[in-house]
Amino acid sequence: MTRLHVISAPVRPTSSARPVARWVAEQARAHGGFEVTPVDLGEIALPFLDEPEYASTGIYTHRHTRDWSALVDSAEAFLFVMPMHNGGFTAPFKNAIDHLFHEWQGKPVGLVGYSAGPTGGAPAAEMLRPVRTRVGMLPAQRTLALPGIHELLDGSGGFRAPEGAAGALAGVLDEMASSRRRPVAA
């Protein structure tokens, strides 16, 4: 089975991503092709990039970067659950990507975006595409966009998936399961 990390990208303590990420992780487990590990960037609490060397060197002096490197390196694929803020993705999420380089390379990655408005975070997902490509991830062509996120959350911290969301997510997972990790050129 493929080791999949479902990464909740926002760091805000009241983020809508957590209930969505729990649902995504449940769906990924039920899919059957993945060994799923939930990862919450809010709990990881990376500081802004403070390494003296470029990430591409793989030389990390800080414990938080070495721990993050080990966690990311242990995955074979990623599913990012991310909000859209002001038309884009968040700085802490970009920071988490920028901390590393080789650990991302050749690994399939899918996106689940959400927003309060009608786009479901699609502009943020599109904005992230060149970043994922630049660090060598294998972006899934399919994404899941969840518009009107506030109507999809219940008062007890749960997420009510809209009609068709489970099928759309299954399509993303199918695509990721069929992707093969590409070896990184030396």
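The values are calculated or read from the model by the stated rules, or taken from the named source; none is laboratory data. Computed from a predicted structure; not experimentally measured. In this analysis, Cβ positions are derived from the backbone assuming ideal geometry, glycine residues included, and neighbour counts consider all displayed protein chains. To get the accessible areas, we keep the full protein, side chains included, count just its heavy atoms, and leave off ligands, DNA and RNA. Shrake-Rupley method; radii C 1.70, N 1.55, O 1.52, S 1.80 Å.
How do the pairs read when you match residues in region 30-51 that are within 21 Å of THR65 (Cβ to Cβ) and in a loop (DSSP other than H, G, I, E, B) with residues anywhere that are open to solvent by less than 50 Å² (accessible area, probe 1.4 Å) and of a type in the set (Gly, Ala, Ser), using Cβ under 6 Å and keeping only pairs 6 or more apart or on different chains?
LEU46/ALA96
Filter region 127-154 for residues that are of a type in the set (D, E, K, R) and either surrounded by fewer than 16 Cβ atoms within 10 Å (Cβ to Cβ) or not in a helix (DSSP H, G or I) (or both) and give the result.
The answer is ARG129, ARG134, ARG142, GLU151, ASP154.
Would you check if ARG132 is within 30 Å of HIS64 (Cβ to Cβ) and of a type in the set (D, E, K, R)?
Yes, satisfied.
So that you can scan it fast, the table gives a plain yes or no per residue for (1) of a type outside the set (D, E, K, R); (2) at pLDDT 95 or above:
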residue	(1), (2)
ILE44	yes, yes
PHE48	yes, yes
TYR54	yes, yes
THR65	yes, yes
MET82	yes, yes
ASN86	yes, no
LYS94	no, yes
GLY106	yes, yes
TYR114	yes, yes
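Quick one: in region 8-30, which of the residues that are crowded, with 18+ Cβ neighbours inside 10 Å and out of contact with any Pro (no Cβ under 8 Å at 6 or more places or on another chain) is nearest to ALA177 (Cα to Cα)? Give the derivation first.
First, pick out the residues of region 8-30 that are crowded, with 18+ Cβ neighbours inside 10 Å: 8-11, 15-21, 23-25, 27-28.
From what's left, out of contact with any Pro (no Cβ under 8 Å at 6 or more places or on another chain): 18-20, 23-24, 27-28.
Values: ARG18: 23, PRO19: 23, VAL20: 21, TRP23: 18, VAL24: 15, GLN27: 13, ALA28: 10 Å.
Ranking the qualifying residues of region 8-30, first place goes to ALA28.
Would you mind telling me which numbered condition in (1) open to solvent by 40 Å² or more (accessible area, probe 1.4 Å); (2) free of Cβ contacts under 8 Å to residues at least 40 places away in the same chain GLU103 fails?
Among (1) open to solvent by 40 Å² or more (accessible area, probe 1.4 Å); (2) free of Cβ contacts under 8 Å to residues at least 40 places away in the same chain, the lone unmet condition for GLU103 is (1).
Can you tell me how many residues within region 52-81 are part of a helix (DSSP H, G or I) and within 24 Å of LEU138 (Cβ to Cβ)?
Residues in region 52-81 being part of a helix (DSSP H, G or I) and within 24 Å of LEU138 (Cβ to Cβ): 10 in total.
With respect to GLY157, is the statement that it is in contact (Cβ under 8 Å) with a residue 60 or more places away in the chain, in contact with a helix residue (DSSP H, G or I) (Cβ under 8 Å, 6 or more places away or on another chain) and either over 15 Å from GLN27 (Cβ atoms) or assigned to a loop (DSSP other than H, G, I, E, B) (or both) true?
Yes.
What are the residues in region 64-90 that are over 17 Å from PHE101 (Cα atoms), out of contact with any helix residue (DSSP H, G or I) (no Cβ under 6 Å at 6 or more places or on another chain) and open to solvent by 30 Å² or more (accessible area, probe 1.4 Å), if any?
HIS85, ASN86
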